[in-house]
Amino acid sequence: MNTTNTPLVSVVVITYNSSKFVIETLESVKAQTWKNIELIVSDDASTDCTVQLCSDWIGANKSHFFTTKLITVPRNTGIPSNINRGLRAATGDWVKMLSGDDKLMGNCIADNFEYASRFPDASFIISDVREIDENSVLIRDKVINDGVIFFANLPSAKKQLKNYSRWPVFLNTPTFFCKKEIWEMSGYCDEEFRIYDDMTAVLNVMAQGVKLHYMNKPTVEYRIYPSSISRSVKVDDIREKEAYRIFKKYQTQHLNIFNPLDLSVYYENWLRFKYKGFNGRKGVAYLRKLSLYYWYLRMSGVKTY
């Protein structure tokens, strides 16, 4: 194939029992207007026909890519480990991550490079999403997140790290577009965890002095459906336990109990993880309003906190 477009982009597709959607995902990578792409599919021991579907599709479509790789393992290891296998296999200058149930919009990679050309210091870019349902029907054309806007407007990686340690605002992982070297220098995702990949990775990246840039444009179609790992109630308990461990292992490194805002963050996390309530009543929505950080964000224009 003609690879006159440079640089090479590694698109890392993460799969686990993704047979219902993965062909749509792969077709969206193939349909990119940017043509110099390395396609990597990393599967985490799917028990359905995901691997066979991917193998057959890659065999029929590999001429559309600079190179293709299909990575499989004998047992399930969790999301961070699966992502890391794909990232470590990447040889492109830039890396685009994608779950096996989401879709890239046609100009996704080209739009990210257009942004990077306007902001040469941007080595880690996040963007917006469109939401689709399990039948690929559009739910919302553009998802506005005022927390992301507040976070992205902070002037330095140091300030972003501080505020993300206080509140890990939801950054949609499928929109991440960054230089391969960023993942290498930050140590990839923390494989101590099985569900959370984005929080530890973002904290590690910013700790290296890398500022996250925000492109105010949708580049990914993000699929919303009840059985997705991000919404499944079956893993709520695991999700909460991991979130608390991340708070203790990572976030508290950047918090100071003598700082009033930081102290209120400790209070909020006590409410979330340890507070049991009285006589079956918790009233967390009201108790959060006693937090100084809550009012700091409200006064900063973040209404969804």
Please state the Cα pair-distance histogram of segment 213-305 with 10 angstrom bins from zero: what percent is in each bin? 13, 30, 38, 18, 1
One-quarter of the Cα convex hull surface for the chain, in nm²? 16.3
At 25 °C and 0.890 mPa s, the Stokes-Einstein diffusion coefficient in µm²/s for segment 74-141, with hydrodynamic radius from the Kirkwood sum on alpha carbon pairs, is 169
Average accessible area per residue (Å²) across segment 115-217 - probe 1.4 Å, nucleic acids and ligands excluded: 41
Pairs of Cα atoms under 8 Å, at least six residues apart: use those to get the relative contact order of the chain, whole percent. 19
With a 1.4 Å probe and all protein chains left in place, how much accessible area per residue does segment 39-96 have, in Å²? 43
Percent relative contact order of segment 1-83, based on C-alpha pairs within less than 8 angstrom and at least six residues apart? 37
Say we join alpha carbon atoms closer than 10 Å with springs in a Gaussian network model of the chain; which of Q32, Q253, Q208 then has the biggest fluctuation? Q253
Taking every DSSP bridge whose two residues both lie in segment 2-92, the antiparallel percent to the nearest 5 is 0
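Pop out the carbon and sulfur fraction of the accessible area of the chain as a percent, whole number, probe 1.4 Å.
Values: 7760 of 14320 Å².
C and S atoms contribute 54 percent here.
Averaging sequence separations of C-alpha pairs under 8 Å and six or more residues apart, then dividing by the length of segment 188-294, give the relative contact order as a whole percent.
Numbers: 48 pairs, mean separation 22.1, N = 107.
Result for segment 188-294 is 21 percent.
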Given 20 °C and 1.002 mPa s, how large is the Stokes-Einstein diffusion coefficient of segment 1-125 in µm²/s, with Rh as the Kirkwood radius over Cα pairs? 146
Binned at 10 Å from 0, what are the whole-percent values of the Cα-Cα distance distribution for segment 118-258, short to long? 11, 38, 37, 13, 1, 0
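As a test of the formula, what do you get for the chain when each DSSP H run with n ≥ 4 contributes -39,500 (n - 2.57) and the sum is divided by the residue count, at 222 nm and rounded to the nearest 500 deg cm²/dmol? Write out the running numbers ahead of the final one.
On the way: 12 runs with 117 residues, N = 305.
My calculation for the chain gives -11000 deg cm²/dmol from helical runs alone.
In whole Å, what three semi-axes, largest first, describe the equivalent ellipsoid of segment 1-59 built from its Cα gyration tensor (square root of 5 times each eigenvalue)?
Working: eigenvalues 113, 22, 17 Å².
With the √(5λ) rule applied to segment 1-59, the semi-axes are 24, 11, 9 Å.
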Return the percentage of antiparallel bridges among DSSP beta bridges fully within the chain, rounded to the nearest 5 %. 30
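The values are calculated or read from the model by the stated rules, or taken from the named source; none is laboratory data. Keep in mind it's a predicted model, so treat the numbers as computed, not measured. Ligands, DNA and RNA are excluded from the accessible area calculation, which covers all protein heavy atoms including side chains. Shrake-Rupley method; radii C 1.70, N 1.55, O 1.52, S 1.80 Å.
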